[in-house]
Amino acid sequence: MSVQAGESWSYNKYKFHGMSLSGIRTAISMPELSLSFDVAQGYPFLINLKQFFISHGHLDHAAGIPYIISQKAMNSMPPGKFYMPGTLVEPLDKIMKLWEQIENHQYKYEFIPVKADDEIPLNPQAFIKVFPTTHRIESYGYTLFEVHKKLKKEYLGLKQDEIVDLRRQGLEVNETTNIPVVSFTGDTQIEFLDSRPWVRQSKILIMESTYLDDKKSVEHARTWGHTHIDEIIPRLKDIESEKIVIIHASSRYSDKEALRLLQEKIPAEYRDRVELFPGR
């Protein structure tokens, strides 16, 4: 696998491109929405994107931020927006100021601090909502919501000109429903599942499981702020997601071994819902 290209995975209309390997790299993009969850080392497939949602500041998730900024500047592209934990903003700004000294060049960039329950609009039909995760440093997950509008029941059956007339009178004729469609965790302990109800209700849940067998214990995983597959299995009954996509599996597992372990460990009734993200 080329670490420059990443791998693609899709479910229904949702398309993802990227890679995730514990301690090495994590960047999962949704190209059609011009966004990425984490940026790894700043691979070429990320450069054209507009918005970046950083879960935490560890290098395998965030090292590419300066490089993406540099590449955008070199190609005369508008600067990207980087959403991140508030404690990450000042240190990253210092890093960029040092690179400006090194390169004798001033960069344009936007580092935006987030906190739990913040909502970040993407377009009229979608927004990102922040949820808390539990890691060794400040960390957050992100959920993509779709905004669905439909005519209120009391106005069903009206002609179009009648609906237009109601709008002219200042009446709201539609009701709005926000549907969680994709949640991404970054690195976290299992408790993120209980942080906000919409996370386990998302159609697609992209979550870490660093350890997949008993070579490392649940206690070890928790000490380092990670999740073990043995913690996920009892919670599968609580997760309403149509797809649970495992990322951040340790590099001690080959692709073949990781898939084998998931096949062996996941109970049969949940097996068709759990997948290993193909890009590692």
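The values are calculated or read from the model by the stated rules, or taken from the named source; none is laboratory data. The structure displayed is predicted, hence computed values, not measured ones. Here the Cβ positions follow ideal geometry from the backbone for every residue, glycine too, while neighbour counts run over all protein chains shown. Only protein heavy atoms, including side chains, enter the accessible area calculation; ligands, DNA and RNA are left aside. Shrake-Rupley method; radii C 1.70, N 1.55, O 1.52, S 1.80 Å.
Structure notes:
- Count of region 11-49 residues which are without any contact (Cβ under 8 Å) to a residue 60 or more places away in the chain and in contact with a strand residue (DSSP E or B) (Cβ under 7 Å, 6 or more places away or on another chain): 15
- The set of residues in region 85-116 that are outside any helix (DSSP H, G or I), under 18 Å from His58 (Cβ atoms) and not hydrophobic (A, V, I, L, M, F, W, C) comprises Pro85, Pro113.
- Only a single criterion out of (1) touching a strand residue (DSSP E or B) at 6+ places or on another chain (Cβ under 7 Å); (2) small (Gly, Ala, Ser); (3) loosely packed, with under 12 Cβ neighbours inside 10 Å is not satisfied by Gly86, namely (3).
- The residue of region 1-59 that is nearest to Glu146 (Cα to Cα), among those that are of a type in the set (Asp, Glu) and open to solvent by 40 Å² or more (accessible area, probe 1.4 Å), is Glu32.
- Residue among Lys159, Lys153, Lys149, Lys108 that alone is touching a strand residue (DSSP E or B) at 6+ places or on another chain (Cβ under 7 Å) and of a type in the set (Lys, Arg): Lys149
Results for (1) open to solvent by less than 30 Å² (accessible area, probe 1.4 Å); (2) among the aromatic types (Phe, Trp, Tyr), shown as yes or no for each residue.
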{"position": "Lys94", "(1), (2)": "no, no"}
{"position": "Leu98", "(1), (2)": "no, no"}
{"position": "His105", "(1), (2)": "no, no"}
{"position": "Tyr109", "(1), (2)": "no, yes"}
{"position": "Asp117", "(1), (2)": "no, no"}
{"position": "Tyr140", "(1), (2)": "yes, yes"}
{"position": "Leu151", "(1), (2)": "no, no"}
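- Residue match in region 177-192 (condition: closer than 18 Å to His135 by Cα, among the acidic types (Asp, Glu) and over 15 Å from the mean Cα position of the chain (by Cα)): yes
Let's see how each residue does on (1) over 24 Å from Tyr109 (Cα atoms); (2) under 13 Å from the mean Cα position of the chain (by Cα):
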residue: Phe16; (1), (2): yes, yes
residue: Ser22; (1), (2): yes, no
residue: Ser29; (1), (2): no, yes
residue: Ser36; (1), (2): no, yes
residue: Gln41; (1), (2): no, no
residue: Asn48; (1), (2): no, no
residue: Phe53; (1), (2): no, yes
residue: His56; (1), (2): no, yes
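- Residues of region 249-276 that are surrounded by 15 or more Cβ atoms within 10 Å (Cβ to Cβ) and touching a Gly at 6+ places or on another chain (Cβ under 8 Å): Ser250 alone.
- Lone qualifier among Asp194, Asp214, Asp230, Asp165 - being at negative phi and in contact with a helix residue (DSSP H, G or I) (Cβ under 7 Å, 6 or more places away or on another chain): Asp230
- Residue within region 214-225 that is under 24 Å from His17 (Cβ atoms) and in contact (Cβ under 8 Å) with a residue 40 or more places away in the chain present: no
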